[in-house]
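Below: the structure, in structure tokens.
A short reminder: the numbers here are calculations on the coordinates, not readings from a lab. Because the structure is predicted, anything quoted here is derived from the model rather than measured. Backbone-built Cβ (ideal geometry, glycine too); neighbour counts: all protein chains shown.
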Amino acid sequence: MKIPFTKCHANGNDFILILSENFPDVDSKKSLIQQLCNRNTGIGADGLFIISFSKKYDFSLDYYNSDGSWETFCANGSRCASMFMYRAGKTNRKMEFETGAGIYSSEIKQDGLIIMGMNMPKYVTREINPEGYVGFLVDSGAPHFVCESDELDVEFVIQMGSQIRNHQVFQPRGANVNFYKKKNNKEIEISTYEKGVEKFVLSCSSGSMAVVFHLSQSLGLSSPITTISPGGKLLFTFDKNWEVASCEGPAEILFTGVYDCASLCNE
């Protein structure tokens, strides 16, 4: 079976988008997603979205990490899906869609950037210190451990991020790990280790949102705040009570193609 797909990225965080009617009904769904996301023998991506029809909203998103595990939400990928659906003529510039973490909205701006309405993050834990790093677990659509660090380089993030991500306090689900450094009251540097991808990623919008939320609560930082990751910048705005919050950033469609899933689709 041949699978039509679209490849996209948001600040270097890359995804495969497949319409549900084009995704084969196979027993080895996890294996197929792993193969599609494999950077050596597949298309290559940090994650994959299956986009399906919604009776009440513009569309529905199912997100899978590159290891085939399902995750509730991915903000970078949701911006990509929003751009894809708009370009395909399936939505207007403003849209609402379903995710595993609830209903979200987005708008394609005239300059090509996308504003996403974000649901209010919540603290899952009080202060904890897995592997000696003090921080908090925040749910911003997906679980993120946020902690301050003077080191944000790739080697450090991979080494410590993998240890923290697998710490017993986060079992069985695990957690994404977001290391941050405050440049000033309006700019925050962030590096992320993402579970399910099991590596350093160039950008993580929901993780950046978790950091911004935490700093607004702990240090009183006010809107707007720009986060800076290796893949690029994101702009976060929020009101005093976080009843209205948004993330603004890019999303780029890279190419479309057809993938021959060969033996996996015949299992």
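Cross-link partners of LYS183 among aspartates and glutamates, defined as those whose alpha carbon lies under 17 angstrom from its own and excluding same-chain residues fewer than eight positions apart: GLU148, ASP150, GLU151, ASP153.
Per-residue ellipticity at 222 nm computed for the chain from its helices equals -5500 deg cm²/dmol, with DSSP H segments shorter than 4 residues left out and the rest contributing -39,500 (n - 2.57). For region 181-267, trypsin sites (Lys or Arg not before Pro) meeting the loop criterion (DSSP other than H, G, I, E, B) and having at most 10 other Cβ atoms within 10 Å: LYS240.
Among the listed pairs LYS56/LYS195; LYS29/LYS199; LYS30/LYS94; LYS2/LYS94, a Cα-Cα separation exceeding 26 Å is found for LYS56/LYS195; LYS30/LYS94; LYS2/LYS94. The residue among GLN163, PRO121, PRO143 whose Cα reaches farthest toward the positive pole of the charge dipole of region 60-168, with charges on the beta-carbon of Lys, Arg, Asp and Glu, is PRO121. With only Cα atoms counted, region 1-67 has Rg and Dmax values of 11.9, 39 Å. Note on region 122-249: Kirkwood radius taken over Cα pairs, Stokes-Einstein applied at 20 °C and 1.002 mPa s, translational D equal to 150 µm² s⁻¹. With respect to the chain, whose longest principal axis is taken over its alpha-carbon atoms, helix 75-87 is tilted by about 40°. Provide, in order from the shortest bin, the percent of all Cα-Cα pairs of region 6-111 in each 5 Å bin, continuing until the bin that contains the maximum pair distance. Percent of pairs per bin, in order: 2, 13, 24, 26, 19, 10, 4, 1, 0. The tail of the calculated P(r) for the chain beyond 24 Å holds 46 percent of all Cα-Cα pairs.
Here's the list of lysines a cross-link from LYS186 could span, going by alpha-carbon distance under 24 Å and ignoring same-chain residues fewer than 8 apart: LYS109, LYS122, LYS233, LYS240. For the chain, the longest principal axis of the Cα atoms and the long axis of helix 205-218 meet at an angle of about 20 degrees.
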